[in-house]
Amino acid sequence: VSTQSTGRKVATSISPRKKLKFSSIRKFCTTDDKKEKEENRIPDALSTEKIKQTWRSISVGLSQTDSEKSFKVAKLGYIKDDGTTKRFYKEVSVSQHKNGGWEVQLDKRQLRTPGDNILMLPTRELAYAIAAEWESQDEEIEPRRMPILKLATTTLDVTQYNPHTFVNILMDCLEHDSVCYIQEHADLIDGAKQLQEVVHKPFIDWFQKFYKVPLQRTGTFKLEQPRPTLVSLEVLLRHLDEWTLTGLESIASECRSLVVALAVWNQFCTSEVSLFSTTENS
């Protein structure tokens, strides 16, 4: 920096070379600050109703920038729901990350979720299940044939940032649980009341014995569970990890029953039995 004094005025000039150096430093610092803010960005919390309406509609696709190609990173984006997106990869593989997690790779490229999280999976079995979904795609990709991938991206992009919201969804499901309702006029339909007892009652009995809390049943629209039951279940749910919460929410929403979802999770019944018991007989 050179300074020239003319009367009372002082003029300061920076040499072109130092201007370039100063500009480079400023650009470097600005880039780092922006990158740090981006890395620390946490998605805004979603409302309970918003998650209910949108989490299943998450579609996956592949978008890749020039900078990502050099690092062999593929970012999951949105593909057409009508299944017209062409298959853009040849090889599907599974590898274990150095932190112990598992990754699914397309043509050796690391996958990132729509929320820009690494698709890091907790178990080998889950990784191979998702890899099988990618491998099973034909010339065109059909999102409806990749339900496990949707659950995984939901967990990484939504559930891990909003676990309490998912707990609230499940608790609300318990207060309107389908297996706790008894048809008022079931006796007017041949065998309906008996069928309800045969299908629903085993779930009620299992729940009360397994969790050691009472479960109320009703024939009206208003269902109120005992407070000890609500407290015990909420404590249980709040201690679960994000992967379990996503799975329970998926089953509970499909079957309209937290009791059935917990039964599947604890291997009291299979998913096929759970769907039959809550769709054909509720």
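The values are calculated or read from the model by the stated rules, or taken from the named source; none is laboratory data. It should be emphasised that the depicted structure is a prediction, and the values quoted were computed from it without experimental measurement. Backbone-built Cβ (ideal geometry, glycine too); neighbour counts: all protein chains shown. The accessibility values were calculated without ligands, DNA or RNA, using every heavy atom of the protein model including side chains. Shrake-Rupley method; radii C 1.70, N 1.55, O 1.52, S 1.80 Å.
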Across the stretch 146-162, what is the number of residues that are open to solvent by less than 50 Å² (accessible area, probe 1.4 Å), in contact with a Pro (Cβ under 9 Å, 6 or more places away or on another chain) and under 23 Å from Val235 (Cβ atoms)?
2
Of all residues being touching a Lys or Arg at 6+ places or on another chain (Cβ under 8 Å) and farther than 13 Å from Thr85 by Cα in the stretch 130-145, which is surrounded by the fewest Cβ atoms within 10 Å (Cβ to Cβ)? Just the residue, please.
Ser136
Filter pass, Thr165 being open to solvent by less than 50 Å² (accessible area, probe 1.4 Å), over 30 Å from Asp82 (Cβ atoms) and without any contact (Cβ under 8 Å) to a residue 60 or more places away in the chain
no
Report, by residue number, each residue of the stretch 188-215 that is surrounded by 13 or more Cβ atoms within 10 Å (Cβ to Cβ) and closer than 29 Å to His164 by Cβ.
Phe203, Ile204, Trp206, Phe207, Gln208, Tyr211, Val213, Leu215
The one condition Gln225 fails out of (1) more than 30 Å from Asp157 (Cβ to Cβ); (2) of a type outside the set (Phe, Trp, Tyr); (3) open to solvent by 30 Å² or more (accessible area, probe 1.4 Å); (4) at pLDDT below 95 is (3)
